Amino acid sequence: MVLGQVGSESVHGVEWKFLKFVEEPNFGPGFPIETVYVTGDLILEPLKDHCQWSSNEICSNLLLQVKPGGNRIGPLAVNTLLTESTQSHSLKLPPTLSCQEYPPGVNIIPMRSKTAQPFHTTNLIVFTNGNNQVKHESSPFIAHGEAMIIDPGCRSEFNKELAEIVTALPRKLIVFVTHHHRDHVDGLSTVQKTNPDAHLLAHENTISRIRKDDWTLGCTTVSGTEEICIGGERFKIIFSPGHTDGHLALLHVSTNSLIAGDHCVGQGSAFLDINSGGNMNDYFQTTYKFMDLSPNALISMHGRVNLWPKHMLCGYLKNRRSRESTILKAIESGSKTLFDIVAYTYADVDRNLWVIAASNVRLHVEHLAHQNKLPKEFCVKKFESTCRVHFLLRWVWTYVQNRIINYPTLMLLGGLTASGVAFLYCVRNNLNSR
């Protein structure tokens, strides 16, 4: 049946054999990709366009000796004949979790987290002793380790599985955090309980926002110009503000793989946190910086590995410019409040996402003001006064009008709105009394 679907039944005289069935980890959204591998002896005829036949040896060399901009071998090839020859280290996992090792040495484990829709998991990245056994002791590394984990942000019900992963790793463990959001740091307390020798690396703006009881062990602040050595493998830390003002990325030099944190996501566009220094101009500049790096693979913390990073990054730039152009049109058409601009710009988007989108709209307006593109009659201060309670009240009312919201949720939102208004009133009175 499988051979019929792919059109291979038309190849006569070939004995096809089942090799293996592989189900990828559940990166989401949507279902995991299931792949059936079959083998057969074929006559190697020349292939058209950019396709070419390749031996296992050549594929292995392309994976282990990566050149920026060079040919790439995807995870489908790694999951078949190349698995044993390219895996750097056998990572022990609890039976409830699954892992994708791609590129070689980069173990990606999606774990349930308190992240935003459409995702349900945050990718825990694990590096163990690599294929490169040459130590770079002469280089001024900010930290050395025998293993490293990135963004342990799983839900508390998965702390046991996280502890099992950490227990199986060497004691000299580096914990790298891209930023402070809960779906990236919720597991820190479990890591430090499991391995008291672990050492944390993060930007100072990130460390200052991590709860003190989440991490009490040694930590080092990094700015984005340093390098790390893990089991002989070299990593470059890259300052990548935009999502937050302390956001960091990491480049795995030997595979030229970029771990992009939340600057990029597996589906849709990234959310910028205006309450944590999110900045649209920084976001654009970081995107250009990533393009200049020309990574062979881009690994976000939500979703699958992307094998066409420049295409993805160009799409991000195009999307942001398009949104900004639409926001400017909304303002030029007379929209003066945050709600009106969001409703105009995201008219075709689920209203559930308007609250999240509002943060990006505010940053786009700030970016337009920075470029002196706003109409003279548009008052930024008046706009900012509509960005909190005013927006929330109109958003709730829109839900009621469209009957999208049920009664219990309406009561909850009403209570939250009333509490917010009361809180702001108290704060204003306290300020006035000083």
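Only the coordinates and a few stated rules stand behind these numbers; no lab work does. Being a predicted model, the structure only gives us computed values, none of them experimental. Neighbour counts run over all protein chains shown; Cβ positions are idealised from the backbone, glycine included.
Points worth noting:
- Placing one equal scatterer on every Cα of segment 220-357 and applying the Debye formula, the log10 ratio I(q)/I(0) at q = 0.09, 0.16, 0.17, 0.20 Å⁻¹ is -0.31, -0.87, -0.95, -1.22.
- Among residues other than D213 with Cβ under 14 Å from its Cβ, the summed charge is +3 (Lys and Arg +1, Asp and Glu -1).
- Gyration tensor verdict on segment 350-390 (Cα atoms; rounded if a/c is under 1.5, prolate if a/b is larger than b/c, oblate otherwise): oblate
- Charge context of G246, other residues only, Cβ under 9 angstrom, K/R +1, D/E -1: -1
- Local net charge near S300, Cβ-Cβ under 11 Å (Lys/Arg +1, Asp/Glu -1): -1
- Taking the alpha carbon gyration tensor of segment 222-300, multiplying each eigenvalue by 5 and rooting it gives semi-axes of 22, 14, 10 Å, largest first.
- Cα gyration tensor shape of segment 142-198, rounded if a/c is under 1.5, else prolate or oblate by comparing a/b with b/c: oblate
- J(HN,Hα) series, segment 239-247, from Karplus relation 6.51 cos²θ - 1.76 cosθ + 1.60, nearest Hz, glycine and proline x: 5, 9, x, x, 5, 9, 7, x, 6
- In summary, the lysines within cross-link reach of K381, defined as a Cα separation below 22 angstrom excluding same-chain residues under 8 places away, comprise K329, K336, K373.
- Burial ranking of peptide ranges 116-123, 52-59 (average Cβ count within 10 Å, highest at the top): 116-123, 52-59
- Reachable lysines, given that their alpha-carbon falls under 30 Å from the alpha-carbon of K236 and they are not under 8 places away in the same chain: K67, K92, K114, K135, K172, K193, K212, K289, K310, K318
- When the Cα gyration tensor is reduced to axis lengths a ≥ b ≥ c, the ratio a/c is 1.5 or higher for segment 174-270, and with a/b not above b/c it is classed as oblate.
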